[in-house]
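Below: one structure, written as structure tokens.
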Amino acid sequence: MCFRFFSIILLICCSGIVASAQNNPKWDDTNSRDWPAQAKKVSIRSSADGSEQGAYFYASPAAGPRPLIVSLHTWSGNFQQKDTVANLCIDKGFNYIHPDFRGPNNKPQACGSELVISDIDDAITWALANTNTDPENIHVIGVSGGGYATVLTYMKSRHKIRSFSAYAGIYNLVDWYYESVGRKAKYAGDIAASTSGNRNELNVDEAKKRSPFFMQKPVTDRSKSTLSIYCGIHDGYTGSVPISHSLLMYNKLVADFSPEAPFSMVPQEYIQSMLRERTLRGGGDQGTILGRKIIYKNHYQDKVSITVFEGGHEMPPGEVLAHIPAIK
């Protein structure tokens, strides 16, 4: 499939995006440290290099086993960045952890490195040892750079995780580098610095190595896992990540699971239409999610799904945990 072709289409369509589309929205305020009192700051020793990685966590006071929600920080954030998922977990009595995994994605140690995967796995291991987590009820969620990290975890984590929810993620660093160059966005320099150590030089091979889109099937059996991919139809125009990342990542995973499942894939003409027109004519009533109209949705069995909603570069506010299909 000509996956890269569609990213080029969107880059052409969006080349006139103004600088305001690069500004962080309110939910991505990396300077906010507004944490509920119930959430505690801890330090977790890295099993990879012995360094200390911070995290915020909440331990459910319930007597029986409870779910664990692993919420992953955004591209330019770290574990201290405000995360409203924490409040949802406290209200529901779910265990929660918001780990650091080498901080902002602007250096080789971060941005999908082996250290990142190790840090996230270490945080899950720590939470299993320090909370009443049901090991069959672990869920990973993230938006933007956290969506990227969520799918990285899906592909690379050693843990048997029940569900993954990725909003507005970046899945092909090579494409996003050139898309960001076209918009004069700082993310191009971040990707270059992460892959080469130089903000003016992209290492394409390293960028592919860190991109879920170029990875093989998950290293851990995901037959009992669900991956839900979400994106807002206007992202790439009013936001920084074209929806082609989500659509093509979904198609890649369906093809990995079953090359003979064409009806579960997003048709090429649908991808072109959504990129070009920011809607899907004749799509019919697909319902809503978190109060937003669903533009398009599809799924392959109960393993992977794609939902395009009316919105931009965001995880819509609301009961996002209610849309985790496997939580119990």
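Observations on the model:
- Counting only DSSP beta bridges whose two residues both lie in the chain, roughly 40 percent are antiparallel.
- 19 Å Cα-Cα reach of LYS303 towards lysines, excluding residues that sit fewer than 8 places from it in its own chain: LYS156, LYS160, LYS217, LYS224, LYS252, LYS328
- Radius 10 Å from Cβ of PRO67, net charge of other residues (Lys, Arg +1; Asp, Glu -1): +2
- In this structure segment 225-312 gives 40 Å² per residue of accessible area when probed at 1.4 Å with all protein chains present.
- Set of lysines with alpha-carbon distance to LYS82 below 24 Å, sequence-local pairs under 8 removed: LYS26, LYS40, LYS41, LYS92, LYS107, LYS186
- For segment 55-131 versus segment 229-305, the gap between their alpha-carbon centres in whole angstrom: 27
- For the chain, the longest principal axis of the C-alpha atoms and the axis of helix 187-196 are separated by about 70°.
- Surface composition of segment 34-143: carbon and sulfur make up 51 percent of the accessible area, probe 1.4 Å.
- Total formal charge among the other residues, if their Cβ is under 12 angstrom from that of TYR250, Lys/Arg +1 and Asp/Glu -1: +2
- Normalised size of segment 203-277, defined as Cα radius of gyration per 2.2 N^0.38 Å with N residues, equals 1.22.
- The per residue volume of the convex hull around the alpha-carbon atoms of the chain is 122 Å³.
- Modelled label reach - ASP134, point 7 Å along Cα→Cβ, segment 69-89 residues with backbone N closer than 17 Å: 69-70, 89
- Portion, in percent, of the accessible area of segment 217-328 that falls on carbon or sulfur, probe 1.4 Å: 50
- Qualifying aspartates and glutamates (Cα of each under 13 Å from Cα of LYS208; at least 8 residues distant if same chain): ASP175
- Simple point charges give the picture: +1 on the Cβ of Lys and Arg, -1 on the Cβ of Asp and Glu, and for the chain a dipole about the Cα centre of about 80 debye.
- Computed from Cα positions, the angle between helix 268-277 and the longest principal axis of the chain comes to roughly 90 degrees.
- Other residues with beta-carbon under 13 Å from the beta-carbon of ASN137 carry, at +1 per Lys or Arg and -1 per Asp or Glu, a net charge of +4.
- Accessible surface comparison of LYS184, LYS160, probe 1.4 Å, protein chains only, largest first: the order is LYS184, LYS160.
- Projected-area average for segment 29-99 over all orientations - Cα convex hull basis, square nanometres: 5.3
The values are calculated or read from the model by the stated rules, or taken from the named source; none is laboratory data. Model, not experiment: these values are computed from the prediction. Here Cβ is always computed from backbone atoms with ideal geometry, including for glycine, and neighbour counts include all displayed protein chains. SASA here: full protein model, heavy atoms, side chains in, ligands and nucleic acids out. Shrake-Rupley method; radii C 1.70, N 1.55, O 1.52, S 1.80 Å.
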